[in-house]
1. Report whether or not TRP10 is at pLDDT 80 or above, aromatic (Phe, Trp, Tyr), over 26 Å from LYS155 (Cα atoms) and open to solvent by 80 Å² or more (accessible area, probe 1.4 Å).
2. Here is a list: ILE260, ILE325, ILE341, ILE329. Which entry is among the hydrophobic types (A, V, I, L, M, F, W, C), touching a strand residue (DSSP E or B) at 6+ places or on another chain (Cβ under 8 Å) and either surrounded by fewer than 19 Cβ atoms within 10 Å (Cβ to Cβ) or not in a loop (DSSP other than H, G, I, E, B) (or both)?
3. Restricting attention to the stretch 72-87, does a residue exist that is in contact with a Gly (Cβ under 9 Å, 6 or more places away or on another chain) and modelled with pLDDT under 85?
4. Select from the stretch 209-224 the residues that are over 16 Å from PRO368 (Cα atoms) and either assigned to a helix (DSSP H, G or I) or open to solvent by 50 Å² or more (accessible area, probe 1.4 Å) (or both) and list them in ascending order.
5. What residue, of LEU335, LEU345, LEU319, is aliphatic (A, V, I, L, M), over 24 Å from GLU226 (Cβ atoms) and within 17 Å of the chain's Cα centre (by Cα)?
Amino acid sequence: MNFAKKNRFWIAIFLILLSQVLYWFWIRNYTLAYFDATTKPTWFAELVESIYPRLKVEKYRFDASFFIKKSDQIAIRFLFVSSVFSIFFIPKFYQKVKSFFIKNSVYSEKISYKKQYFLIIYFLISNILLSNEWLEILTQYSQIAILYEPISFYKFLSPSFPSLSFFKNSISFLKIITAIGVISVLLSFFYQRFFLFKITLFVCVALSAILFIYLQGLLYDFGKIEHTYASWNWVCILLPFWFWQTNFKGFFISKNTNVIRQNFLLFLAVGLIYTSSGLEKIFIGGWDWPNGNALLSYLQNSPTDLGQNLSNYPFLVALLSILTIFWEISFLLILHKNKYIKLTLIIIGICFHAGTYFFLGVGHYFSPWIWVYVFLLPSFEKYRN
């Protein structure tokens, strides 16, 4: 154990190099064979298609060289990211970074219980608003239920497409638990020591989160997977745990403070989503993103007049493309305590998502990505405890 602890940096470097050797001299050969019907290994094909179901269809849209190039770029990106993280295994570097991180990040930031309850109400109502069109979409999907092909654990939860009445009842139940949750929040203000309301609220938050994720997954069981709710899903996953930790950690002990720790993991999750998107543009998109060619091609094929008009200014498109990459990679700075840094990132984010809708016709003006920013807003209150 002591050997592993003392040499963890070199062990990490060894594992990183080993992973690269395994990919370039073993896994890559299987990847090439996957696109050859005569030599395709069955076990590898099943593994790949279970992890990435869309590949079963997309492999007929592009040639093998396209996917091999993407696969190579993923391996290179993994090498870059893992090498950066391996530096933190150096004890002296780790201690300095840890000290700086704790002092300057939202990890040690406090917010009031009132703000937490506001976020809970916001979350419950948002789940209703964001899923407002799902019943209509799922109703349409029920007419083509024969094409239903469940992904991941839906093969066990819903091997066949649920009935229309199930969807109607699920949406109604989501509204009911939202109403109960909001009432529980209001009662908790007047009866702070009465834990029944907090327990009820926790159950409502957990059920709302589970139901939102479950119904959303059914939208993607017809061969189309999107990242529309990627950031909001992390809200659904982390919010129940945050509420439980801050309200029931000392269940029978009265609290002497009116503040709680910020939901650090949510900041980290959302920050990593944007940062990984920026790295993907560099390591998978290649030079087409930094030089603006990728964005230019999207604008030229945009269904909007604004996008078509913007494509007539290549220099501006290249500048916007570079700024997009820089902003996405820098979004991990949302972890910093500085309120001006956080506000700047959030304002740019609102402009970015609004721009993709108006110029590219991608997403929705009611974007869940912007909806998440309320959880990331800086706290302007000062606490002594």
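1. Yes.
2. The conditions single out ILE260.
3. So in the stretch 72-87, the residues in contact with a Gly (Cβ under 9 Å, 6 or more places away or on another chain) come out as 73.
Remaining after also requiring modelled with pLDDT under 85: 73.
Looking for residues that are in contact with a Gly (Cβ under 9 Å, 6 or more places away or on another chain) and modelled with pLDDT under 85, one finds at least one in the stretch 72-87, hence yes.
4. Those that are over 16 Å from PRO368 (Cα atoms) and either assigned to a helix (DSSP H, G or I) or open to solvent by 50 Å² or more (accessible area, probe 1.4 Å) (or both): ILE210, LEU211, TYR214, LEU218, GLY223, LYS224.
5. Going through LEU335, LEU345, LEU319 in turn, just one is aliphatic (A, V, I, L, M), over 24 Å from GLU226 (Cβ atoms) and within 17 Å of the chain's Cα centre (by Cα): LEU335.
The values are calculated or read from the model by the stated rules, or taken from the named source; none is laboratory data. As the structure is a computational prediction, the values presented were derived from the model and not from experiment. So basically every Cβ, Gly included, is an ideal-geometry build from the backbone, and we count neighbours across all protein chains shown. Just the protein is used for accessible areas: all its heavy atoms, side chains included, with ligands, DNA and RNA removed. Shrake-Rupley method; radii C 1.70, N 1.55, O 1.52, S 1.80 Å.
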